[in-house]
1. Using a Förster distance of 35 Å, how high is the FRET efficiency between Arg167 and Val21, based on the Cβ-Cβ distance and rounded to 0.05?
2. For Lys105, give me every one of the lysines with a C-alpha distance below 20 angstrom, ignoring sequence neighbours fewer than eight places off in its own chain.
3. Please list 3J(HN,Hα) in residue order for region 21-27, calculated via the Karplus relation 6.51 cos²θ - 1.76 cosθ + 1.60 where θ = phi - 60°; whole Hz, with x for glycine and proline.
4. Which value in nm describes the separation of the simple spin-label points at Ile118 and Ser102, placed 7 Å from the Cα toward the beta carbon?
5. Once R0 is set to 25 Å, what does the formula 1/(1 + (r/R0)^6) return for the Cβ-Cβ distance between Leu188 and Cys66, expressed as a FRET efficiency to the nearest 0.05?
6. Could you rank the peptides 31-43, 173-185, 95-107 by their average count of other C-beta atoms within 10 Å per residue, with the highest value first?
7. When you count, for each residue, the other Cβ atoms within 10 Å and take the mean per peptide, how do 17-23, 61-67 rank with the highest first?
Amino acid sequence: MNRTTTIDSTVTDPLAQMLEVLGRTGDAMVAMDGSMEIIAWNDAATELLGYKPEEVLGRPCADVLCWRDRCGDSVCGPSCPASELGDPDEIIGPREVLGRSSKDKTLWLSASTIVPPIEMRDQCRIVHLIREIALPPELERLIVQRLEGWSVGTEVHDDRLDVLTPREREVLQLLTEGLDGAAISEKLFVSQATVRNHIQHILNKLGVHSRAEAVAFALRRD
C-alpha cells in the first residue's frame with residue numbers, strides 16, 4: 001500500500017524528507033513543532049485515530065491525542081514528558097498509553113518517540129510512532145472473569161485488601177466504578193497529584209502493574 005504523509009507547508013528539507021520516510025513505516029506517525037502543534041500526519045494515523053490531516057494540522061496535539069497514563073491521568077500538553085526525556089537524534093520508548101479515536105473509541109496504544117537532530121529542532125520538537133496494542137490475553141481474560149456479574153456500584157470486599165488504607169480503598173472503589181484520576185480528584189476534594197500517589201500506593205501494595213489489574217484484583221470472587 002502506498003501511504004502518504006501530509007506535512008505542514010512551513011516544514012522544509014531535510015526535516016520534510018525525514019517525515020516522509022517515517023510516514024511510510026506502517027505505524028501511525030504524528031510530528032509536533034516547538035509549540036506542540038501538529039505539523040505532520042500520515043495515512044496510518046488517519047486509519048488508527050480517525051482524523052483527516054486537514055482536521056489536525058496546526059492543532060495542539062493534546063487536543064487530538066488526549067493520552068492518559070495507566071492511572072488515568074493526562075500525559076498530553078505543552079509540557080509533554082516525552083519531549084523532555086530524550087537527547088537530540090534519540091529514539092525513546094515505546095510507552096503504553098490510553099487514547100481515543102475521533103469516534104470516541106478507547107484505544108490501547110504503544111507510542112515511541114523520536115527526538116529530531118539538533119539542526120531540525122527549530123521546526124520539530126518530537127515525532128510519535130503509534131500502533132494499537134491489545135491487553136495481554138491473560139489479563140484480558142482475568143478482567144472478563146472478574147467483571148462477570150458485576151455492575152457499577154458493587155462494593156469491593158476482599159480480605160487481601162486490608163493492606164490498603166481506608167482512603168486507598170475508597171480510591172480503588174472509585175476506580176472499579178470507572179472514574180479516572182481527574183474525576184476521583186473532584187469527588188474526593190483532593191488534588192490530582194494526591195490521587196496519583198494513592199493509585200501508585202495501591203499498585204505497589206497489591207503487587208500489580210496497572211489500574212486494570214488493580215480493578216481485576218478488587219473484583220475477584222475466589
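No lab work stands behind these numbers, since they all come straight from the coordinates. Please read these numbers as outputs of a predicted model, since none were measured by experiment. When we count neighbours, we look across all protein chains shown, and the Cβ atoms used for this are built from the backbone with ideal geometry, even at glycine.
1. E between Arg167 and Val21, to the nearest 0.05, is 0.10.
2. Lys52
3. 5, 4, x, 9, 6, x, 7
4. A separation of 3.9 nm, rounded to one decimal place.
5. E between Leu188 and Cys66, to the nearest 0.05, is 0.60.
6. 31-43, 173-185, 95-107
7. Descending packing order for the listed peptides: 61-67, 17-23.
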